[in-house]
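The next block holds one structure in the form of structure tokens; read it before the comments.
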Amino acid sequence: MCSIAGILFKNGKRPNLGMTTGEALTEMMDACRHRGPDSAGWALYEEPQEGLLRLRFFVRRGTGQSEDIARIREGLARHGAEIVEDEAVGCTYRVIVKYSGDIQQFSYAMEHAGQLVSIGSSLDLVKDVGQPYGLQQIYNIARFDGSHGIGHTRLATETGVHPETAHPFWATGFADVATVHNGQITNYWIMRRRLERRGMEFRTENDTELIAVYLAYQMSQGVLMEDALRSSLDDLDGTFSYLVSTKDSIGYAKDKLAAKPMVKYEDDDMIALASEEVALNRLFPGRSLDTTEPPPLTCGLWSRQGTA
Amino acid sequence: MVTIDLAEMQVRKLNEILRGFGATHQNAEIINPDAKHYIGVGLISPILVRVRGSAGYYCGGLCDGPHFKVDKNVSWGVGDNLLRGSIVVGGNASAIAGVGMRGGEIVVKGNIGSRAGQVMKKGTLCCAGNANFMAGYMMYGGRVIILGNSGERVGEDMMGGEIYVGGNVDSLGKDAMLVEPSSADIEDVMTFLDRYDLPFRGTFKKIICTGKTLRYGTAEPRLRKLPFYSFSSAGKQDYWNAKVEEDIRVKAHIGRYRIRGYGASRHLPHFSDIGFKKDMSGAGKDPGAISKVNLRTFIGDNHGGRPMDLSMPVMIAPMSYGALSAQMKIALGIASRMSGISENSGEGGMLSAERAEARQMIAQCLAGRLGWNVHDMKRADCVEIYISQGAKPGLGGQLMAEKLTREIAAVRGIPEGMDLRSPSRHPDILGGDDLIMKVEEFREATGWRVPISIKLGAGRVRDDIKIALKDGIDFMELDGMQGGTGAAGSEVAEYVGIPTIAGLQEALDGLEELDCAGGMPIVLMGGIKDGVDAAKAIALGATAVAFGSTMLIAAGCITCMQCSVGNCVIGAATQDPEHTKRFDIEKRALQIHRFLETVRWQLAAIVLEHGYTDIRQLSREDLVALTPEAAALTRLPFNQPRDS
């Protein structure tokens, strides 16, 4: 029970919103805090650098943190990943490494060393227990001013409130793909087992992770993201409005019952999507916006280099 | 016209201010609305409200009288349950526009989202653009006008009313059909469009309900049904017994499921399988027990509302005017006042005579929004969102045509003469995130004055109570499968759900898992039959109990369990004046009151015999399980009963 948010600036344009990309997402998330007061998260994309990978791990807070970090560093070293930059912040440990091997094998193997939140050449995924404004301070979200990102606030019900069950979810094993989701996938286990038989691994029992892995797996088989989104409309059962982000695009899909809301605002410079229009209004206070609601059983994709 | 800047204040404040202006007949204009939610909710004065921008969820919801003009868009549920007045939206409306409308007019100049006009009963919902799927879903009456295309499955499951489509009818819903509109119909529609400056130069197609699914086919044969309980105690082990035979024979005759009243009637683990550790044979010896024990219970102030104030931890369970006669409802109201506890409207609206008699009354909101309106909310002491009930968790209410009289149909806002089946799901509550929005809307409508509770049938209680807690519910009425109903499919009543004691334990476990033990008061019901059961329930962890079937039996019910037929011989569960004229309201009220006083007596006696002075001192430590099943369900220590 949650809210989703996403923003993408087209063709390198930057309208004058008076805030960075990170801050824009935080504002949208804060507007929907009533839908998700327990935890929040962002998937943000920096400019990639040749040969470098960004990783973020969950580590324990307080005592135990240094032990966790030591294990991670040791694991990285064992796999030939050379640390270029690192930082412990909040409940996470962030590293930038020089690594050029197989990312999927690397990420599966790193599970023994630490709890991976995300891997990507651009992707940095931050999520934690707490509310958007507070977490923005801790994780310095405001410094993100890249071209796009997605965000989420969560109301934890069935599972407890932990950072691991917050969104966004990184597509376990695939670089740079993340999803946020409002709804419930009712054929989760069937879909998961199918992917597990194809060698995919999952780290949680959260259906949002499934969506991410499902999409990323298709792309790894050469399917275009637009087509993966479209086939998800048939393959996934349940209620969903979800957003997916990659290195250079964001996309959405909406279930056939339109049970979970989604609203979008688009102009020549940008596209912003959110669960409720009140979130979009945070970007343009005092203006009444020309928004549209994606119809049920539709999907869409926008990339940095213009519309898909 | 006064200007209010929403950038400067919370919506809660805005609505208080609007009510103030409404009382002094001043129109208002709202600037910087920025798509915020609940603008104008609960307004009952006929003023003009201008929204200079977009509004969020439930704009103009639960109103009676005002005229809204929204410059741009609205989100979900615009004009929820509108009684009178109008709302004109300059832009688009999101899903479920005009949900549960009971009058007035809503005009959306742009497009509307899916399920527009769901469960509406009266009034006109007009869309100048295109609609989306299931426009007019489950509508009971009223009129939907779509100038553009209808969307898929228009008129799905409609039970009354009319839909006019100016563009394409993309596909017809289940039980909807196209008919030729009369010239009077068209003239009416064109007059309406004229009034709102909506030019239209095409032809209209008219859609109404086919009426094929409004009534059950064959009635059950009238026979003296065999009760389940004769076959379910130990000793009667025969499989193909007379009850099974009866069931099969009747179903061979009617070709569908059977329907009856009450809840699960076979033997299930229950309070009789739980005992007190301490020897209670001395309980009741002290005639002054009631004066020595504190039983007074407050429930529902978790979020600042004025709590229910009960002289003992007992409520009357929700039972509808419809399932029960007006006379029975009034008797319940009187008895609740005499015993210092609360009454509950149940489904289908609040009977004024009952409201006048009861000192505290809970107004219950169900999925069909039958009889639901803002005025009943404002004169209730608590507003309750019904998700399900123990007799039929997952299903909605049922009222057979024999009992759907003209009066009841009028109160509920629906056409008479159908076998009414209420929807099983609220049109605007499809998850925990929607429930939060609904709770907030109800708080806005009642000025944040009263508790908002939830009625839940015991199913997946452990999951559900967590959602209720997170969503700001003040207390939960939890109903086990022994809980009764006026009409349910007999297999559902007998086999769907979990026993009352299991439901309570799941609820307590769920709260424990969120580290919130005691965070959500639970009013337990479902086959509670006396003060001893009540004491055990409270010892297990319930805050209070509610009596339903027991109240009917106290008033004279003979437990024939055929409430659905409408032939209740004591005049309690029928609308037939031949029977209801026999119901002596004062006499029956006194009977119910006397029974409730025995409950008070038993509670006090048990508390005192334990050496306590307050009912809340009873705990699990005072209980044992007398059967292995009860021990497994409640995790109480298992003690074989002594010879009693």
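The values are calculated or read from the model by the stated rules, or taken from the named source; none is laboratory data. Fair warning: this is a prediction, and the values are worked out from it, not measured in the lab. Here the Cβ is made from the backbone with ideal geometry for all residues, glycine too, and neighbour counts use every protein chain on show.
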B:Gly142: surrounded by fewer than 18 Cβ atoms within 10 Å (Cβ to Cβ), modelled with pLDDT of 95 or more and not hydroxyl-bearing (Ser, Thr, Tyr), yes or no?
no
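Could you check, for region B:346-366, whether at least one of its residues is out of contact with any Cys (no Cβ under 6 Å at 6 or more places or on another chain), without any contact (Cβ under 8 Å) to a residue 12 or more places away in the chain, under 30 Å from B:Gly79 (Cα atoms) and assigned to a helix (DSSP H, G or I)?
Yes, region B:346-366 contains a residue that is out of contact with any Cys (no Cβ under 6 Å at 6 or more places or on another chain), without any contact (Cβ under 8 Å) to a residue 12 or more places away in the chain, under 30 Å from B:Gly79 (Cα atoms) and assigned to a helix (DSSP H, G or I).
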How about region B:38-54: which of its residues are out of contact with any His (no Cβ under 8 Å at 6 or more places or on another chain) and either surrounded by fewer than 23 Cβ atoms within 10 Å (Cβ to Cβ) or within 14 Å of another protein chain (Cβ to nearest Cβ) (or both)?
B:Tyr38, B:Ile39, B:Arg50, B:Val51, B:Arg52, B:Gly53, B:Ser54
Among the residues of region B:411-430 satisfying the criterion of being surrounded by fewer than 24 Cβ atoms within 10 Å (Cβ to Cβ) and over 27 Å from B:Ala546 (Cα atoms), which is nearest to the other protein chains (Cβ to nearest Cβ)?
B:Leu430
So B:Glu506 passes all but one of these: (1) modelled with pLDDT of 95 or more; (2) crowded, with 22+ Cβ neighbours inside 10 Å. Which condition number does it fail?
(2)
Hey, A:Thr165 crowded, with 24+ Cβ neighbours inside 10 Å, within 14 Å of another protein chain (Cβ to nearest Cβ), polar (S, T, N, Q) and in contact (Cβ under 8 Å) with a residue 24 or more places away in the chain or not
no
Just checking, how many residues over region B:567-599 are of a type outside the set (Val, Ile, Thr), part of a helix (DSSP H, G or I) and surrounded by 22 or more Cβ atoms within 10 Å (Cβ to Cβ)?
3
Residue check, A:Thr153 buried (at least 24 other Cβ atoms within 10 Å of the Cβ) and within 24 Å of B:Cys516 (Cα to Cα):
yes
With respect to A:Gln104, is the statement that it is part of a helix (DSSP H, G or I) and out of contact with any Asp or Glu (no Cβ under 6 Å at 6 or more places or on another chain) true?
yes
Restricted to region A:1-16, and to residues that are of a type in the set (A, V, I, L, M, F, W, C) and over 11 Å from A:Met270 (Cα atoms), which residue is surrounded by the most Cβ atoms within 10 Å (Cβ to Cβ)?
A:Ile4
Taking region A:184-199 and keeping only residues that are more than 14 Å from chain B (Cβ to nearest Cβ) and closer than 15 Å to A:Ser232 by Cβ, one is left with A:Asn187, A:Tyr188, A:Ile190, A:Met191, A:Arg192, A:Arg194, A:Leu195
The residue from B:Ala283, B:Ala252, B:Ala264 that alone is hydrophobic (A, V, I, L, M, F, W, C), assigned to a loop (DSSP other than H, G, I, E, B) and within 28 Å of B:Leu404 (Cβ to Cβ) is B:Ala264
B:Val532 vs (1) at pLDDT 95 or above; (2) buried (at least 22 other Cβ atoms within 10 Å of the Cβ); (3) on the phi < 0 side of the Ramachandran plot: all pass except (2)
Would you please list the contacts, defined by Cβ atoms under 9 Å and residues six or more apart or on different chains, that run from a residue in region B:486-505 that is touching a residue at least 60 places away in the same chain (Cβ under 8 Å) to a residue that is basic (Lys, Arg) and assigned to a helix (DSSP H, G or I)?
B:Gly486/B:Lys403; B:Ala487/B:Lys403; B:Ile501/B:Lys536
Answer yes or no: is there a residue in region B:3-21 that is away from chain A (no Cβ under 14 Å) and within 24 Å of B:Gly129 (Cα to Cα).
no
Looking at A:Arg287, A:Arg304 in this structure, which one is at pLDDT below 90 and within 21 Å of A:Ala24 (Cα to Cα)?
A:Arg304
Given the condition touching a residue at least 12 places away in the same chain (Cβ under 8 Å), more than 9 Å from every other protein chain (Cβ to nearest Cβ) and touching a His at 6+ places or on another chain (Cβ under 7 Å), answer yes or no: does some residue in region A:276-295 qualify?
no
Return a yes/no flag: does region B:531-545 have any residue that is assigned to a loop (DSSP other than H, G, I, E, B), over 24 Å from the mean Cα position of the chain (by Cα), farther than 26 Å from B:Asp474 by Cα and assigned by TED's automatic domain parsing to the domain that holds B:Met418.
no
Filtered residues of region B:55-75 (kept if within 13 Å of chain A (Cβ to nearest Cβ) and touching a His at 6+ places or on another chain (Cβ under 9 Å)):
B:Ala55, B:Gly56, B:Tyr57, B:Tyr58, B:Cys59, B:Ser75
Looking only at region B:250-271, which residues are free of Cβ contacts under 8 Å to residues at least 12 places away in the same chain and either surrounded by 21 or more Cβ atoms within 10 Å (Cβ to Cβ) or not basic (Lys, Arg) (or both)?
B:Ala252
